[in-house]
Amino acid sequence: MSRYAKAAPGWPREAAHRKATDAHNFPQNHRSSQPVGELLARLDAVRRTGDGRWLARCPAHADRSPSLSIKLADDGRILVHDFAGCPVEDVLAAVGLEVKDLFPPRDPPPEGFRPRHGIPEHRARDLIRLAAREAGIASIVIQDILSGNGTSVDDCQRALRAAETLAEIAREVSSHA
Ligand SMILES: [Zn+2]
């Protein structure tokens, strides 16, 4: 389908005709402030078929009966569907647009904003395993102390290391949060 569009770039645009007859099909606020106006302005034989809905000639094939459906979704996305089957990429490429042009422009991130990067899943699993092991060791040592089962200095130092390791894990996790 796109091959045809490239081979026949001169498919009648009827721009002047369209301006004269279809002006009422372009809601004024869709013309330039919204991406949908940008798309509609590049299509031929645009006809409004409902609220936020249009039909137009598909620019990616020799479309005699307008078969391209354009719909403005509630979230600002533009839904494009060619009933003749042209892929949306081809339809958009034929009028110099890309799929990303179908999405509403995003507000820029606030000043000082840094995207958060979560802990990679495998690292998170390692940290959970490590935390569980260290907590278990500390718990055993403390139980031994409490029950008077003769706890060595080594055991106490090991429990201390476990506490330090848990604090390190907490630091690593919070640096990603
Ligand atoms: Zn088409």
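A short reminder: the numbers here are calculations on the coordinates, not readings from a lab. It should be emphasised that the depicted structure is a prediction, and the values quoted were computed from it without experimental measurement. When we count neighbours, we look across all protein chains shown, and the Cβ atoms used for this are built from the backbone with ideal geometry, even at glycine.
Some observations on this one:
- Using Cβ point charges alone (K and R +1, D and E -1), the dipole size of the range 121-176 about the Cα centre works out to roughly 140 debye.
- Its Kirkwood hydrodynamic radius, worked out from the mean inverse distance over all distinct Cα pairs, puts the range 40-177 at 20.8 Å.
- Tensor-based shape of the range 121-176 (alpha-carbon gyration tensor, a/c under 1.5 rounded, otherwise prolate or oblate): prolate
- Cβ crowding within 10 Å averaged over residues, with 148-156, 51-59, 135-143 ranked highest first: 51-59, 135-143, 148-156
- Highest to lowest packing among 75-86, 36-47, scored as the average C-beta count within 10 Å: 36-47, 75-86
- Cα centroid separation, the range 57-85 to the range 98-177 (Å): 50 Å
- Relative packing of 91-101, 124-134, which averages over residues the other C-beta atoms within 10 Å, highest first: 91-101, 124-134
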